[in-house]
Amino acid sequence: MSLSEDFLAEDMHPIDIVETLAEHHAWEFDRVTDDQIAMSVEGQWRTYSLTLAWSPQDETLRLICTFEMEPPDGRLSELYDVLNRCNDMVWTGAFTWWADQKLMVWRYGLCLAGGQVAGPEQIDRLISAAVMAAERFYPAFQLVTWADHSPADAIKVAIAEAYGRA
């Protein structure tokens, strides 16, 4: 059975769909407002904080996935370098470093202009892609900031395909 079959109403609010997905996956969540939800998703490396917000003005479902980092000040230029290298390797969003909050952020906006409706599979894939990107590049960020690897060497970890689990 597909995720779509769990939804009866065709024009469900995008955040209602996210809430139903969070319940389905047993993720901790908080419906902040009618147009915003925050949740925690457990990854292999850490727990990621995700916030999805619907903007009716520009008909965009915005997603941010964050995790805390406290890189040494002396490694910030290397962090920015590896961050740019990571962004060159992805098409479905982008990383940014919020220094004041000490957060690494994955951002994506799904434009649903003209009354388009996002289905549950599409939103589930959006969330999965965010967590997968964070999981994929987390080791590179750590190698650059804490293990003094060069950005070129650290990014090789993200390029390699991992199979199985150690």
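Per residue, how much accessible area does the chain show when a 1.4 Å probe rolls over the protein heavy atoms, in square angstrom?
Values: 9460 Å² over 166 residues.
Averaged over the residues of the chain, the accessible area is 57 Å².
When only Cα pairs under 8 Å and 6 or more residues apart are kept, what is the percent relative contact order across the chain?
Dividing the mean separation by the residue count of the chain yields 21 percent.
Could you check the simple spin-label distance between residue 97 and residue 132, using points 7 Å along Cα→Cβ, in nm with one decimal?
Using points 7 Å along Cα→Cβ, the separation is 2.7 nm.
Carbon and sulfur atoms: what percent of the 1.4 Å accessible area of region 1-153 do they account for?
Values: 3990 of 8280 Å².
About 48 percent, which is the carbon plus sulfur part of the accessible surface.
In nanometres, what is the gap between the two model label sites at residue 33 and residue 73, each 7 Å from Cα along Cα-to-Cβ?
3.6
Can you tell me the length gained on complete extension of the stretch residue 142 to residue 24, counting 0.36 nm per residue apart and subtracting the Cα distance? Intermediate values should be presented prior to the final figure.
On the way: separation 118, 0.36 × 118 = 42.48 nm, distance 3.16 nm.
Going from the current span to full extension adds 39.3 nm.
Across every pair of different alpha-carbon atoms, what Kirkwood hydrodynamic radius in Å does the chain reach?
Numbers: mean 1/r = 0.0589 Å⁻¹.
Computed over Cα pairs of the chain, the Kirkwood hydrodynamic radius comes out at 17.0 Å.
For region 69-81, what does the Karplus curve 6.51 cos²θ - 1.76 cosθ + 1.60, with θ = phi - 60°, yield as ³J(HN,Hα) per residue in whole Hz, taken in order and with x for Gly and Pro?
Per-residue couplings from phi come out as 8, 10, x, x, 3, x, 10, 5, 5, 5, 5, 5, 5 Hz.
Scan region 75-151 for chymotrypsin sites (Phe, Trp or Tyr not before Pro) in coil per DSSP, keeping those whose Cβ has at most 12 other Cβ atoms within 10 Å, and list them by number. Could you put the intermediate results ahead of the total?
Details: sites: 80, 91, 95, 97, 98, 106, 108, 137, 141, 146; in loops: 91.
Here the sparse-neighbourhood loop sites are 91.
Report, to two decimal places, the Cα Rg of region 49-122 normalised by 2.2 N^0.38 Å (N = number of residues). Before the final figure, lay out each step's value.
Details: Rg = 14.9 Å, N = 74, 2.2 N^0.38 = 11.3 Å.
Against the compact-globule rule of thumb, the ratio is 1.32.
Given springs between every Cα pair under 10 Å in a Gaussian network model of the chain, which of 147, 130, 53 has the largest fluctuation?
Comparing 147, 130, 53 in a Gaussian network model of the chain, the most mobile one is 147.
With θ set to phi - 60° and the Karplus curve 6.51 cos²θ - 1.76 cosθ + 1.60, what are the ³J(HN,Hα) couplings of region 106-119 in order, to the nearest whole Hz, using x for Gly and Pro?
Karplus-based 3J(HN,Hα) across region 106-119 equals 9, 10, 7, x, 9, 7, 10, 5, x, x, 4, 10, 8, x Hz.
The values are calculated or read from the model by the stated rules, or taken from the named source; none is laboratory data. None of the values given here were measured: they were computed from a predicted structure. No Cβ is skipped: glycine too gets one built from the backbone with ideal geometry, and neighbour counts run over all protein chains shown. Only protein heavy atoms, including side chains, enter the accessible area calculation; ligands, DNA and RNA are left aside. Shrake-Rupley method; radii C 1.70, N 1.55, O 1.52, S 1.80 Å.
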